[in-house]
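The values are calculated or read from the model by the stated rules, or taken from the named source; none is laboratory data. Predicted, not measured: the structure shown is a model, and the values here were computed from it. For neighbour counting, all protein chains shown are included, and Cβ atoms are generated from backbone atoms with ideal geometry for every residue, glycine included.
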Amino acid sequence: MASGKKIHKDYFVFNPTIAIIIIFNAVILLTAWLCPNSAIVQKMGFIGSIISWLGNEHSTLTMYLCYLMIVGHIAEALVAFILCLRLGLTLPTTMKWIITTLIVGMPSLMNLIYIPGDEKKIK
């Protein structure tokens, strides 16, 4: 666990590739739940047909998956907040961790839990 490690107070890691993939998938899931028959979905080709099928044929499952995604990301952001407090990170850095974990979820949180060896000790 990261709580026993000494790290720099501005320690922050962000992976934009993973963030883009997760945001794209979250938008697809939310679109399938909220507006599966919109004009934009109809123009998306194969992905649009999957979104429309998922939203129309499995609307209850899509709704529960969206709720699970939202609650899961909020819980992960709370864990990130607690870890940042234990690590003694600065307020701006803590806010970065909370926001990225709220958006990206577990991949961002894993960077906070398993800190690489280079960042372990700052004098």
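Among the residues of segment 47-60, are any touching a residue at least 40 places away in the same chain (Cβ under 8 Å) and in a helix (DSSP H, G or I)? No, there is no match, as no residue in segment 47-60 is touching a residue at least 40 places away in the same chain (Cβ under 8 Å) and in a helix (DSSP H, G or I). The residue of segment 31-51 that is nearest to L61 (Cα to Cα), among those that are among the polar types (S, T, N, Q) and modelled with pLDDT under 90, is N37. Do we find that A26 is in contact with a Ser or Thr (Cβ under 9 Å, 6 or more places away or on another chain), touching a residue at least 40 places away in the same chain (Cβ under 8 Å), part of a helix (DSSP H, G or I) and surrounded by 15 or more Cβ atoms within 10 Å (Cβ to Cβ) in this structure? So A26 fails the test.
Has segment 74-89 got at least one residue that is in contact with a helix residue (DSSP H, G or I) (Cβ under 9 Å, 6 or more places away or on another chain), among the small types (G, A, S), loosely packed, with under 13 Cβ neighbours inside 10 Å and not in a loop (DSSP other than H, G, I, E, B)? Scanning segment 74-89, I find no residue that is in contact with a helix residue (DSSP H, G or I) (Cβ under 9 Å, 6 or more places away or on another chain), among the small types (G, A, S), loosely packed, with under 13 Cβ neighbours inside 10 Å and not in a loop (DSSP other than H, G, I, E, B), so the answer is no.
I'd like to know if segment 105-120 contains one or more residues that are outside any helix (DSSP H, G or I) and either of a type in the set (S, T, N, Q) or at pLDDT 95 or above (or both). Can you show your working first?
Here is the first cut: in segment 105-120, the residues outside any helix (DSSP H, G or I) are 105, 114-116, 120.
Now drop any that are not either of a type in the set (S, T, N, Q) or at pLDDT 95 or above (or both), which leaves none.
No, every residue in segment 105-120 fails to be outside any helix (DSSP H, G or I) and either of a type in the set (S, T, N, Q) or at pLDDT 95 or above (or both).
Among the residues making up segment 36-68, those that are within 24 Å of the chain's Cα centre (by Cα) and either closer than 22 Å to T94 by Cα or of a type in the set (V, I, T) (or both) are V41, I47, I50, I51, T60, T62. None of T101, T62 is more than 23 Å from T17 (Cα to Cα) and surrounded by 18 or more Cβ atoms within 10 Å (Cβ to Cβ) except T62.
Condition test on I28, is it aliphatic (A, V, I, L, M) and within 19 Å of D10 (Cβ to Cβ)? Here the answer is no, as I28 does not meet what is asked.
For segment 29-46, enumerate the residues that are assigned to a loop (DSSP other than H, G, I, E, B) and in contact with a Cys (Cβ under 7 Å, 6 or more places away or on another chain).
None; the set is empty.
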